[in-house]
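Structure first, then comments.
The values are calculated or read from the model by the stated rules, or taken from the named source; none is laboratory data. These numbers were taken from a predicted model, which means no experiment stands behind them. In this analysis, Cβ positions are derived from the backbone assuming ideal geometry, glycine residues included, and neighbour counts consider all displayed protein chains.
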Amino acid sequence: MFITFEGTEGCGKSTLIRNLSTRLQTLGVPHLVTREPGGTRTAEEIRKIILNEEMDPLTELFLYEAARAEHFKTTIAPALKQGNWVLCDRFTDSTLAYQGYARGIQLPMIRTLNRIASQRRSPDLTFFLDLPVEIGLSRASDPNRFEREGVEFQKKVRKGFLEIAKKEKKRFRVIRVTDLDPEQVCEKVMRALRKHL
Ligand code: TMP
């Protein structure tokens, strides 16, 4: 199982992945927790550049895809091959939502680059944690470049994710997290996973 987690800023992905990992460990499910951009030494270095330096949107896109190519080939693909589940904090849908829907880069080009970087492997399931962007942004204590873009940008990102979810109903699960505590979110995801299996 290759499972990805998406959302706008401050939606609670990291907490969910931590809780889920604990549950899987208890159940004896071998798994790898990783993230994008990042997950390898090289990709984590690229992450620092993307999140801290100003740059042209196209440069940004290529850096995300470069980090992904490295991460997928050296970490995700081998883990899947060895029979592990992979829980990845953000993946190709983030690039469509942020660089495509929000920054305005053509979606077909991003789809092509996504396919190349991920060796045509789509996630089996993608959870989108949906939270009003104002609430999410108010949680950011040390905002990164994308959080500093503000509410309107984040709204475009959210709309992008929801459009992808509408087009990819089989893969996407939208979880409205506004009134849920972290345990309830984790329970919903576990239920969805059991149903999927
Ligand atoms: P994180 O805060 O969830 O770790 O993600 C890092 C930032 O990178 C977040 O603001 C979303 C952004 N991002 C993109 O813009 N495009 C991408 O392809 C990915 C993976 C992340």
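Observations
- In the range 3-20, the residues that are assigned to a strand (DSSP E or B) and either in contact with a Ser or Thr (Cβ under 8 Å, 6 or more places away or on another chain) or free of Cβ contacts under 8 Å to residues at least 60 places away in the same chain (or both): Ile3, Thr4, Phe5, Glu6
- Pairs are defined by a Cβ separation below 6 Å, a sequence spacing of at least 6 or placement on different chains, a first member in the range 142-160 that is under 18 Å from Leu107 (Cα atoms), and a second member that is not in a helix (DSSP H, G or I); the pairs so defined are Gln154/Thr8; Val157/Thr8; Arg158/Thr8.
- Among residues of the range 74-92, those that are more than 8 Å from the ligand (Cβ to nearest atom) and touching a helix residue (DSSP H, G or I) at 6+ places or on another chain (Cβ under 8 Å), counted: 4
- Unique residue being at pLDDT 95 or above, not aromatic (Phe, Trp, Tyr) and not in a helix (DSSP H, G or I) when the list is Leu32, Leu58: Leu32
- Within the range 56-68, the set of residues being surrounded by fewer than 18 Cβ atoms within 10 Å (Cβ to Cβ) and within 12 Å of the ligand (Cβ to nearest atom) comprises Pro57, Phe62, Ala66.
- Residue count for the range 35-55, restricted to those that are in contact with a Pro (Cβ under 8 Å, 6 or more places away or on another chain) and either small (Gly, Ala, Ser) or not in a helix (DSSP H, G or I) (or both): 1
- Filtered residue count, the range 76-108, keeping only those that are out of contact with any strand residue (DSSP E or B) (no Cβ under 7 Å at 6 or more places or on another chain), touching a residue at least 40 places away in the same chain (Cβ under 8 Å) and among the basic types (Lys, Arg): 1
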